[in-house]
Amino acid sequence: MAPTDRLYMLFPYQILPDRDLRHLALFAPVTHRLQVLEPVPIPPWGPSHFETLCPELSEEAAEQLRGARAGFREFAAVHQDHCLAASYASETLLRQSWESRFDIQASLRGGDAQSPDPGNRAILEAALFLEMAAEFDLRQAELEADLTRAAHLETEFREILGIDEEGALEDTLETLSPTLAASRAHLSFMLPRRIASWLRVLSISPAAVSSLVLVTVSQEVVDEILDRVEALTRHRPSRPVASQRVLATLPGLPSLPSEDFEARLGAVGAAPEHEEYRRALESLMVAPENPERQEALGSASADLAEAMENVFGSPALASPVTQLALTVFSDLSLADLALAMDPGGSPPPARWAETPAPPILCLTELPELPLSDGD
């Protein structure tokens, strides 16, 4: 990565359902995702849109994590409880793994076992938590994929019965089940700890944090950060300022098979409107408060929406839309952000004190198109 390039990182998640990844592929630059041990799955259409960033773990630390992760999986299997629900035991599992290793080493060397460095322990606890969170998120993504396939079958069934989209056969519709939809609750489950763990692992990653942009798909992530930063800095003489702005409202995406989406993604990506949108977004990241650049992005977004309609078709009435919002901070360092989210963790890297807190680009799916002024 060139020194002037910006690093867009998915935050604080590693794995997302396919529909979120599709939004990122269309509306965000190439996005990096943290990868601790297990490879982060990338959809068949995604290699040119997503990359991975791995923390700099020693082989001994990686082996320690694998042992603790195996213990976690056994714990989850015995208790019929998976991933984050079992993560309350993460510190216990990691400590048991550590104690076993150091006791064996001490016995072989004929000395006393020594506890690991507290800073390293905090990093490995965070890495283990992210591994368990990734497993949890993978199950949620698979569940959403299953529901999407079931929804396709339901649509075909309605077509066979002759039920049109406007519900001409209301009596028949009443006998059918509601449209299947996946819950988004998992995105906020143990969110503060997820954010703190993500930042800890980022601290040992070869990331150019001075050019970092955090990319998320949940407004709750932004709200959690704003609340924690306010609590940390409320008594400072010079308090940081956070500004939030909706940059654009873009069309939602129809549910399509992977092959169909890949072809249409390529068609939109080749359109000049998409390139202009990307340039306008990159330009705004350099000067987020510049009104001319904000206006340019708004104009480019409108042109992109029109180009997408030519490829994906006109959105149905009350169909979801994607809202693009940006949160920027002034007088707040990346170290301040880490301390606000992880007050009990090890001190952040010294260089973070001189690094401004990164902007947060939030792409959220809204349930329906907003009404026009005349409605």
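Would you say Ile225 is of a type in the set (Val, Ile, Thr), out of contact with any Lys or Arg (no Cβ under 7 Å at 6 or more places or on another chain), closer than 18 Å to Asp336 by Cα and at pLDDT 95 or above?
yes
Of (1) more than 17 Å from the chain's Cα centre (by Cα); (2) closer than 30 Å to Gln323 by Cβ; (3) of a type outside the set (Asp, Glu), Pro43 satisfies all except one. Which?
All conditions pass for Pro43, except number (1).
I want to confirm something. Restricting to the stretch 25-48 and keeping residues that are in contact with a Gly (Cβ under 9 Å, 6 or more places away or on another chain) and not aromatic (Phe, Trp, Tyr), which single residue is surrounded by the fewest Cβ atoms within 10 Å (Cβ to Cβ)?
Ranking the qualifying residues of the stretch 25-48, first place goes to Ser48.
Does at least one position in the stretch 240-250 carry a residue that is surrounded by 16 or more Cβ atoms within 10 Å (Cβ to Cβ), within 23 Å of the chain's Cα centre (by Cα), under 30 Å from Pro343 (Cβ atoms) and at pLDDT below 95?
Yes, that holds for at least one residue.
Do the conditions hold for Pro343, that is, is it assigned to a loop (DSSP other than H, G, I, E, B) and either modelled with pLDDT of 95 or more or within 25 Å of Leu10 (Cβ to Cβ) (or both)?
Yes; evaluated as a whole, the condition is true for this residue.
The values are calculated or read from the model by the stated rules, or taken from the named source; none is laboratory data. These numbers come from a predicted model, not from an experiment. All Cβ positions, glycine included, derive from the backbone under ideal geometry; neighbour counts span all protein chains shown.
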